[in-house]
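Some notes on the structure that comes next.
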């Protein structure tokens with residue numbers, strides 16, 4: 001086996017948690033998740049020769065994985081069905097004490113690109129870095145994040161209102 | 001809404017996802033298959049070109 005393949009296998013072994021969690025966030029069916037994981041690994045392998053360690057390995061994996069998923073969703077024109085506001089609201093109310101459940105509800109409620117922005121935000125990437133990874137300007141990311149926050153605040157306010 | 005409060009939950013989620021770990025053999029299969037497919041297409045193209053050229057040369061007198 002050539003050296004490139006050995007290094008690539010090591011990279012995938014170390015960082016497969018990122019790939020698996022992204023597949024899990026975007027797809028609900030196990031089969032879709034596995035297919036997407038294959039697509040991501042193939043894209044990573046194709047772009048591996050051009051990876052020059054200018055950014056960290058995990059940044060490169062996030063960039064390639066999210067762009068692969070987003071373009072796959074665009075091609076298929078069938079993203080995971082977005083939950084309606086009321087569906088998401090119901091879920092959030094039911095699992096109000098569990099932050100992980102809330103996070104999942106929030107993520108499933110968001111549109112594909114917004115999901116990617118929130119994930120990169122949770123990973124601690126700056127607006128500028130997120131913009132570079134997803135092909136947006138820094139301002140665009142700030143605007144989108146503000147819009148997401150407002151949307152989620154409204155969702156939670158409705159929930160609080162109903163609880164009263 | 002402050003998204004920062006979800007950061008620990010996201011880290012937790014990353015560690016406990018449902019997909020089973022991928023093995024080295026599976027990764028090798030994924031990255032080597034397209035290469036094999038391209039090689040097959042290339043070989044078949046050469047074979048067809050050779051056959052077509054042969055037919056053109058042979059059938060010129062017909």
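No lab work stands behind these numbers, since they all come straight from the coordinates. Keep in mind that what you see is a predicted model, and the values were worked out from it rather than measured. Cβ coordinates were reconstructed from backbone atoms using ideal geometry, including for glycine residues, and neighbour counts include every protein chain displayed.
Scaled to the globular estimate 2.2 N^0.38 Å, the Cα spread of the stretch A:1-81, given as radius of gyration, is 1.11. Among B:13, A:51, the order by Cβ neighbours within 10 angstrom, fewest to most, reads A:51, B:13.
Computed from the Cβ-Cβ distance with R0 of 22 Å, the FRET efficiency linking residue B:33 to residue A:113 stands at 0.15.
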